[in-house]
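What follows is calculated from the coordinates using simple rules that are stated; it is not laboratory data. Quantities reported herein were computed from a predicted structural model and do not represent experimental measurements. Cβ atoms come from the backbone with ideal geometry, glycine included; neighbour counts cover every protein chain shown.
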Amino acid sequence: MKKHLLALLLVTATTTTSFAALTFDSDVPANIQSQMVEDLAFMAQIEGSGQTPFHKEIYTAVDGKAYKNFFETRIFSVGLDSCGGGAAVACVQPFFDPNKMWLTENFIKFSHPQVARSMVVYHEARHSESKNGNWMHANCPRPFLGADGKDMVSIWTGAKLEGQPACDSTYKGSYGSSTIMLKNISKYCSNCNEKVKMDADIYAMDQLNRISKPAVKQSMLADFAN
C-alpha cells in the first residue's frame with residue numbers, strides 16, 4: 001500500500017512540475033499562475049483511446065505527452081496585456097515575441113471550466129507558429145447569426161462577433177485546432193470524468209461556429225464522426 005501511495009505521489013509531483021520552464025511576468029496574479037500550471041498539468045495527464053484524422057495531423061495523439069510537447073515547444077512565457085482591448089481574452093504578439101502568451105483581464109475575471117481555459121492557452125500556442133504565418137484569423141461575417149437567428153457572441157465574454165477578426169477559414173488555425181482538440185477529448189479521453197467530457201463538447205461545438213467557410217466546417221464534422 002505504501003509503495004502504491006509513494007508511486008502516486010511521485011506521478012503527481014512530476015506532472016505538477018512538468019511545465020516548470022514556463023515563466024510568468026511579475027504582474028500575472030499568483031492565483032492565475034497557479035491555475036495555469038494546474039491546467040497544463042491536467043492536459044499533461046490525459047490518456048486517450050483513439051483520435052480523429054485531423055487531430056492526429058495537428059497533435060499526433062490524444063495523449064498528455066503529446067499535448068505537453070505541443071505547448072511547451074511553442075509558449076515559453078506568460079504576461080499581461082490588453083491585446084488591443086475590447087473582448088480579447090489572450091493573444092500572441094508575434095512581431096514582439098512569438099513564444100510569449102499574453103493574458104487580458106477578460107481571462108482573469110471570467111470563470112470558465114478547466115478544459116475551456118486549456119482551450120484558450122492551446123489556441124494561443126497555435127498562434128506562435130511563425131512558419132505558418134501565425135495562423136492569423138479571418139473576419140467573422142456580417143451579419144453573423146447562429147442557427148437560432150440571434151447574433152453570434154463570444155462564449156467567454158458575451159461580446160458580439162460580427163465583423164471581428166475572431167473566425168478561422170481553415171481547420172488548421174487556432175479556432176479550428178482547439179475545436180478539434182476539445183472534440184477529441186470529449187470523445188476519446190479515457191481518464192476524464194463525464195463533466196470534463198461534457199464541457200469539452202460544449203465549448204468545441206461553440207468554437208466550431210467560428211469556422212467561417214461552410215465546406216471547412218462540414219469537413220470538421222465529418223472528421224468528428226470518425
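Projected label points at Q35 and E105, each 7 Å from Cα along the beta carbon direction, are separated by 1.5 nanometres. Compared with the dominant principal axis of the Cα atoms in the chain, helix 174-188 is inclined by about 50°.
Residue separation of D97 and E57 scaled by 0.36 nm, minus their Cα-Cα distance, works out to 11.8 nm of gained length. Restriction of the trypsin sites (Lys or Arg not before Pro) in the range 91-178 to DSSP coil positions whose beta-carbon has at most 10 other beta-carbons within 10 angstrom yields K150. How large is Rg over Rh for the chain, taking Rg from the Cα atoms and Rh as the Kirkwood inverse mean of 1/r across Cα pairs? Result: Rg/Rh = 0.96. If you plug the beta carbon distance of N191 and N139 into 1/(1 + (r/R0)^6) with R0 = 35 Å, you get a FRET efficiency near 0.35. Going by neighbour counts of Cβ atoms within 10 Å, the residues D168, D201, D148 line up, fewest first, as D148, D201, D168.
Note on S174, S154, S190, S77: ascending count of other Cβ atoms within 10 Å places them as S190, S77, S154, S174, the fewest first. Structure note, pairs K109/K172; K68/K100; K100/K131; K100/K213: Cα-Cα distances above 24 angstrom occur for K109/K172; K100/K213.
Quick one: work out the % antiparallel among DSSP beta bridges in the range 20-224, nearest 5. Counting DSSP beta bridges with both partners in the range 20-224, the antiparallel share is about 55 percent.
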